[in-house]
Amino acid sequence: MPKTTLERKAKAVSKNKVKTKPPQPKEERKFESKYGYFTADGREYVITRPDTPRPWVNVICNGDYGIIETQTGSGFSWRDNSNLSRITRWEQDLIRDSWGKYIYVRDKETGKFWSGTWKPCCMKMDFYEVRHGQGYSVLKSRVNGITFEKTIFVDAEEPVEVWKIVLTNEGTQKRRLSLFTYFEWCLGNAGDTHREFQKTFIETRIDRKNGALFGLKRAPLVPGFISTGMTEKPLEAFHASNVKPANYEGDKEAFFGRYGEIQAPKAVVEGKLNNTEGKWGDSIASLQVDVELNAKESKTIIFTVGSTRSREQAERIIKKYLNPKNADRELSKAKALWDSFVNATTIETPDESMNFMTNIWMKYQTISGRLWGRCGYYQSSGGFGFRDQLQDCQIFFATKPELARKQILLHAEQQFPDGTVYHWWHHGTSMGAITHCSDDLLWLDFITLNYLDETADESILDIQVKFLPDPKTKEVTEGPLYEHLIRAIDKVFTRFSERGLPLMGECDWNDGLSHVGIRWKGESIWLGHFLYGILTRIAPLIEKRGDKKRAADYLKRAGALKEALNLHGWDGEWYLGATRDDGRPLGSKTCDQGKIFLNCQTWAVITGVASPERAKQVMSAAAKHLYREYGPLLLTPAYHVTDPTIGYITRYAPSVRENGGLYTHAGTWAVQAEAMMRNGERAYEVYRSFNPAVRGLDPDLYFVEPYVTPGNVDGPDSPNFGRGGWSWYTGSAAWYAVTLLNWFLGIRPVKEGLLIDPVIPKKWPGFRVKRLFRGATYWIEVKNSGGTGQGVKQITVDGKKIASKIVPAFKDSREHRVEVALG
């Protein structure tokens, strides 16, 4: 029988259904807020709208070349030093975030134009999404029927960033488009704001053969007394496309027009660049690439920005990226590099936010942002801090300990023969800060001791390391690393008060206490705790090396120091913070402001200065006075009046940064101290109180990125109580991961092996850890079936019970199974 019209339509519908692709499953979203979410595996943070409370950025660095990319598409690039060798111009303005490397899209038929990312045009977009991952970001938009996708990453080995642009015509008509890239050349010291002076040293050159525009800043022959006269390491750089540009532009005025605006540059409005180059303009880089797209068609364009020491290397890199497949291949290599860090040591706990932070983001933040890039959006440093990157390198202990070894030796080279050190320095220059900060030099001892616990690599102590030139004789000498450690300690012994306490100098760990001891009379209680811990730990090592007399002397001094701290540093309920040059105390109940300092309580526990009774007392005081809903305060109450006898900490607004807010770095030590006190529940509460993923669930209060730690969070005396700041460039990231793994989960390296001593919440069923340790991989499963959260009942290694809580260091490049029962 002939089919009815209805039957024919039904059959057609059925056919269409068969041909239609099944709907894609919705991506699982973790810790979702109004601005974004983590992917299910935690490896990406997806931003779903561009107007986050502050720029949410990615710091991408391969150890030499680095970039920052924000969710708006803004940011900047550098080679080797983010301050002295900035490739592209950028001015710090976190409110507008309007400096960057941008791509404009222009419809050649209608003349309409927009930016592929939200900045600089800030168009209303039909779709916008940014994915920040380890070593890359993907920014995607849809405007006027065109989908624009930009994947930006840094080559794992070469000094170049890659922009892989995929354009898709979502409509049914052919589209003729032009892409216009744009950024301004800096090519030197980012801090030199005298642009009218600096621009006269920069030149641009068009290279049509290679589809590139080169920028060069000529040699720095300017004396320091001329203009700003800032030190720099000038660069030569390039900007290229794998599609031959139709036109080029190297001059800012030609691009913008007279008094032109970044939202509507003259060249983009008119649809053509003028091919200006030379030494006589205000140098920029812009390439015009024309693209035709049929209906539903996609095309890929590769742009590169790089900086090389030779033109030959630049041309080789440009040619390498002519093929888009090479971009995909190099992106895979960049991801593999970060996989090697992420996968080396991992945890699996009932707290997914803890897993994401420890396994992925704290490693990435510390390595890419602090150790390699030494840069963030709140602080573009470029230099090395003596105490800073030393502490950061602990992130390498359980991933690639050979990199920690390299970092320790690098810092040892920044020590003078008398044991003092640069507070910070810029490598490859003569720039280094000679200060009277009293703690810097001791961090070399502290981190080396931690490294030895991790690796048992005592050979590092015998490596010959140069000292800095003697300031008086200019003579350069060297000695084994061990000698460097001894000289640091012995120097501190020369800086003691008559009461037997170490002197503050210009500051201890807290830089803001800059005027407490400038006349070398004020005392630091925290530094006393810190030194005591070092002396008791290094003495056995000294004795092992045959210097029994020195070992005995150090232990004797440690005993006297402990006695002095408990006599003169005790305030009745907690330890003092310090004494000023005139003898008045800080961190005392007698003070109107700054009554109690966090570090002086936590480190009394960490180093063993406090007796068991006092340890309970000081941690109870910390919980009562300092622990708040957004993390432990560094001190309280905040200072409200600038005080020249204390320092610039009192210049901050109340409850901002060190002045009575959460200083995240110190907050991690509170977690360690609580774990050492066997307070698993409280340690977990403190940890959670400033966990970025958790805090990020209230983003309009928290403000900063939910995937990295901020340097600080405003305290209760601020109208912005709970707001984060100074993200990425903070020493808290490494400590947040290391403290969690070593003390809370209790998988801790010691000389004899891997100590298993968890202090976890009673309700946790247990956890798993994959731990790289001395060349072997340990798969550890901890079961808390008794609900105690602590107390190791039994350990089996590869199926055999061991009597100790210390798992042996097998050093056999094999895998070992460790099962732990608590009870």
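The values are calculated or read from the model by the stated rules, or taken from the named source; none is laboratory data. None of these values were measured; they are calculated from a predicted model. Neighbour counts run over all protein chains shown; Cβ positions are idealised from the backbone, glycine included. Accessible surface areas use protein heavy atoms only, side chains included; no ligands, DNA or RNA. Shrake-Rupley method; radii C 1.70, N 1.55, O 1.52, S 1.80 Å.
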Practice item. Sort through Tyr451, Tyr422 and tell me the only one that's crowded, with 21+ Cβ neighbours inside 10 Å and either hydrophobic (A, V, I, L, M, F, W, C) or not in a helix (DSSP H, G or I) (or both). Key: Tyr422
Point to revise | Residue satisfying condition, being in a helix (DSSP H, G or I), open to solvent by 10 Å² or more (accessible area, probe 1.4 Å) and modelled with pLDDT of 95 or more, within set Leu390, Leu403, Leu371 | key: Leu403
**Study point:** Hey, Gly661 small (Gly, Ala, Ser), crowded, with 19+ Cβ neighbours inside 10 Å and in contact with a Cys (Cβ under 8 Å, 6 or more places away or on another chain) or not
**Key:** no
Revision key, fill the gap. Filtering segment 52-94 for residues that are under 25 Å from Val268 (Cβ atoms) and open to solvent by 30 Å² or more (accessible area, probe 1.4 Å) leaves a count of 3
Practice item. Kindly indicate whether Phe303 is open to solvent by less than 60 Å² (accessible area, probe 1.4 Å) and under 30 Å from Cys393 (Cα atoms). Key: no
Practice item. Test each condition in (1) open to solvent by 50 Å² or more (accessible area, probe 1.4 Å); (2) touching a residue at least 60 places away in the same chain (Cβ under 8 Å); (3) hydrophobic (A, V, I, L, M, F, W, C) for Ala285 and report the one that comes out false. Key: (1)
Exercise for review: Out of the residues in segment 228-275 that are part of a strand (DSSP E or B) and not small (Gly, Ala, Ser), state the one that is surrounded by the fewest Cβ atoms within 10 Å (Cβ to Cβ).
Suggested key: Glu261
Exercise for review: State yes or no: is Asp328 of a type outside the set (Val, Ile, Thr), under 30 Å from Ser514 (Cβ atoms), out of contact with any strand residue (DSSP E or B) (no Cβ under 7 Å at 6 or more places or on another chain) and not in a loop (DSSP other than H, G, I, E, B)?
Suggested key: no
Check your understanding: Which residues, taken from segment 458-484, are farther than 10 Å from Ile408 by Cβ and either within 27 Å of the chain's Cα centre (by Cα) or assigned to a loop (DSSP other than H, G, I, E, B) (or both)?
Key -> Phe467, Leu468, Pro469, Asp470, Pro471, Lys472, Thr473, Lys474, Glu475, Val476, Thr477
Check your understanding: Somewhere in segment 311-331, is a residue free of Cβ contacts under 8 Å to residues at least 60 places away in the same chain, within 21 Å of Ser85 (Cβ to Cβ) and crowded, with 22+ Cβ neighbours inside 10 Å?
Key -> no
Check your understanding: Which ones in segment 575-591 are in a loop (DSSP other than H, G, I, E, B) and closer than 19 Å to Gly505 by Cβ?
Key -> Leu576, Gly577, Arg580, Asp581, Asp582, Gly583, Arg584, Gly587
Check your understanding: Could you list, in sequence order, the residues of segment 687-745 that are of a type in the set (A, V, I, L, M) and either in a loop (DSSP other than H, G, I, E, B) or within 16 Å of Glu658 (Cβ to Cβ) (or both)?
Key -> Leu697, Val704, Val708, Val713, Leu745
Review point. Ala190: under 17 Å from Ile68 (Cα atoms), in contact with a helix residue (DSSP H, G or I) (Cβ under 8 Å, 6 or more places away or on another chain) and assigned to a loop (DSSP other than H, G, I, E, B), yes or no?
Key: no
Check your understanding: Quick check: anything in segment 603-622 assigned to a strand (DSSP E or B) and modelled with pLDDT of 95 or more?
Key -> no
Revision key, fill the gap. Per the filter on segment 287-310, residues touching a His at 6+ places or on another chain (Cβ under 9 Å) and either acidic (Asp, Glu) or more than 24 Å from Asn81 (Cα to Cα) (or both) are Leu287
